[in-house]
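**Student:** Input: one structure, supplied below.
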Amino acid sequence: GESVGLHLPTLSVQEGDNSIINCAYSNSASDYFIWYKQESGKGPQFIIDIRSNMDKRQGQRVTVLLNKTVKHLSLQIAATQPGDSAVYFCAENKPYSGTYKYIFGTGTRLKVLA
Amino acid sequence: ETGVTQTPRHLVMGMTNKKSLKCEQHLGHNAMYWYKQSAKKPLELMFVYNFKEQTENNSVPSRFSPECPNSSHLFLHLHTLQPEDSALYLCASSQIGGGNTEAFFGQGTRLTVV
């Protein structure tokens, strides 16, 4: 995770355990949310998305939960593996001037312990 | 292979130099973005281009000058930068219209200003 260097919130989990990464968003007009994973030396990679008319979406080993009442998003990773070690960002897709812009949270560094 | 290619991967430049970052997307998208990722702040949106038209200039200093000659190419021209401009510069693209979709990121250009 050297690509960011911020004092990021860090979540340390044992290999094989489940991970839960949380994110708060600010804009009620946002209707689409995305989780990205960023490994050291790479750009952010798409993991999973969810639209505002849903409260849960599942992918392979990942689940995203959306609570619009409290503007909260979470990413759950099942059976965390060493390859899951990275910085995770949530992003909200905000309509703007006929297009969209993606606004990112500060990120959480996930460390998987062997 | 993300479909978004950035060159160069690394760049060291003096404060009096002029250089350009290049981004090319092979995904047929109609929107492109420049983001800055630094040690001091999370991912910051700099510029948005939608159908080659700039729709967002997020209070970026004029020493950064974007250029979007067509929907597949995006440049960031740099001149008289400051050391605090050292960061990872990320290009992204997305397809606007027909519903929200995720942004795809390149690997970034690691810029060091000396």
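The values are calculated or read from the model by the stated rules, or taken from the named source; none is laboratory data. Given the structure is predicted, the values throughout are model-derived calculations rather than measurements. Note that we place each Cβ from the backbone using ideal geometry, even for glycine, and neighbour counts take in every protein chain shown.
**Student:** Need pairs with beta-carbon distance below 7 Å; first residue farther than 23 Å from B:GLN54 by Cα and within the range B:74-95, second exposed (fewer than 15 other Cβ atoms within 10 Å of the Cβ) and not basic (Lys, Arg); sequence gap 6+ or separate chains.
**Tutor:** That search, which allows pairs on different chains as well, returns B:GLN82/B:MET15; B:SER86/B:THR112.
**Student:** For the range A:30-43, enumerate the residues that are over 9 Å from the mean Cα position of the chain (by Cα), surrounded by 15 or more Cβ atoms within 10 Å (Cβ to Cβ) and either at pLDDT 95 or above or more than 19 Å from A:TYR100 (Cβ to Cβ) (or both).
**Tutor:** Residues satisfying the conditions are A:GLN38, A:GLU39, A:LYS42.
**Student:** Right, A:PRO82: in contact with a strand residue (DSSP E or B) (Cβ under 8 Å, 6 or more places away or on another chain) and away from every other protein chain (no Cβ under 12 Å) or not?
**Tutor:** Values: in contact with a strand residue (DSSP E or B) (Cβ under 8 Å, 6 or more places away or on another chain): yes; away from every other protein chain (no Cβ under 12 Å): yes.
It is true that A:PRO82 is in contact with a strand residue (DSSP E or B) (Cβ under 8 Å, 6 or more places away or on another chain) and away from every other protein chain (no Cβ under 12 Å).
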